[in-house]
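Values quoted throughout were computed directly from the atomic coordinates according to the rules given, and no laboratory measurement underlies them. Since the model is a prediction, treat every value here as computed from it, not as a measurement. Every residue, glycine as well, gets a Cβ built from its backbone with ideal geometry; the counts of neighbours run over all protein chains shown.
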Amino acid sequence: MLGHLDLHWLHALPIASCGLRLDDETVRVAVGLRLGARICEPHQCPCGALVDPEGTHGLACRRSAGRTARHHNLNDLVHRALNRAGIPAVKEPDGMLRSDGKRPDGLTLLPWQSGRCMTWDVTVTDTLADSYLSTTSSIAGGAAEGAASRKELKYQALASTHCFIPIAVETLGPINDKGLSFLSELGRRLTVSSGDKRETAFLYQRLSIIIQRFNSVCFQGSFSRFAESDD
């Protein structure tokens with residue numbers, strides 16, 4: 001399914017110089033999470049919570065390593081793809097109307113749709129977090145859609161002047177509908193620019209690689225030696 005990133009990494013050529021190679025531990029964690037298998041011994045996370053054998057706690061723990069880096073990597077991928085498609089863009093633009101100083105993750109410098117420039121904001125939410133299980137267990141992508149709605153509310157002041165796109169990805173793969181439509185269109189424009197019909201597939205593979213890589217980093221963050229410091 002195109003809107004689900006959990007398996008796209010399996011189709012990526014493992015080219016280390018392109019950032020497409022996953023180490024053995026990341027593959028082990030990716031497969032374990034996909035199957036709901038036992039991937040660790042029960043232990044206490046540095047945050048004080050008990051981590052069960054499925055190891056899913058680290059995906060949502062705020063003290064896990066990698067959350068900030070994951071966001072930067074995903075945002076950088078979108079930014080680079082836009083520029084490759086011939087659409088100049090900047091990250092974290094200043095002066096975007098919010099009085100509290102918060103900024104969207106990026107802005108195109110040329111119109112994207114209907115004569116308006118596009119702003120976007122990336123977020124990752126955990127499919128298996130306790131607060132989302134009631135939704136994600138019955139609606140595929142429910143957590144992503146909820147996160148996207150919160151982003152739209154947060155940046156609603158931009159709707160009158162810009163095309164705002166929330167890109168919400170879950171740790172187990174689903175993407176919100178608007179984010180999916182944007183990425184598909186971005187892949188199409190990359191194909192127009194490069195002439196390679198595989199651009200959309202490549203874009204999804206890179207996104208999937210980032211999600212799997214940082215799922216592993218967050219999982220490892222539930223062990224004391226890998227935890228982020230509070231300093």
For LYS102, which lysines qualify as cross-link partners when the Cα separation must be under 25 Å and same-chain residues fewer than eight apart are set aside?
LYS91, LYS151, LYS154, LYS178
If we restrict to alpha carbons, what Rg and Dmax does the range 141-203 come to, in Å?
13.5, 37
Working from Cα positions, state the angle (0 to 90°, nearest 10) between the long axis of helix 199-220 and the longest principal axis of the chain.
30
Semi-axes of the range 99-193's equivalent ellipsoid from the Cα gyration tensor, sqrt of 5 times each eigenvalue, largest first, rounded to whole Å?
25, 17, 10
Calculated [θ] (222 nm, deg cm²/dmol) that DSSP helices of n ≥ 4 give over the chain, each run adding -39,500 (n - 2.57):
-12500 deg cm²/dmol
Exactly which chymotrypsin sites (Phe, Trp or Tyr not before Pro) in the range 144-222 are in a DSSP loop and have at most 13 other Cβ atoms within 10 Å?
none
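Cβ under 13 Å from ASN73's Cβ, ASN73 left aside: what net charge do those residues give with Lys, Arg +1 and Asp, Glu -1?
Here the charged neighbours net out to +4.
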Nearest 5 percent is fine: what portion of the DSSP beta bridges confined to the chain is antiparallel?
60
What percentages make up the Cα-Cα pair-distance distribution of the range 8-226 when the bins are 5 Å wide from 0?
1, 7, 14, 18, 19, 16, 12, 8, 4, 2, 0
Cα gyration tensor of the range 169-209 diagonalised, 5x eigenvalues square-rooted, in angstrom largest first, produces semi-axes 20, 12, 5
Cα-centred dipole magnitude for the chain, charges only on beta-carbon of K, R (+1) and D, E (-1), debye, nearest 20:
640
The farthest towards the positive end of the charge dipole of the chain, of the residues ASN83, ASN176, VAL217, given +1 on Cβ of Lys and Arg and -1 on Cβ of Asp and Glu, is ASN83
Name the residues whose placed amide hydrogens come within less than 5 Å of the amide hydrogen of GLU92, ignoring near sequence neighbours (fewer than 5 apart) on the same chain.
GLY106, LEU107
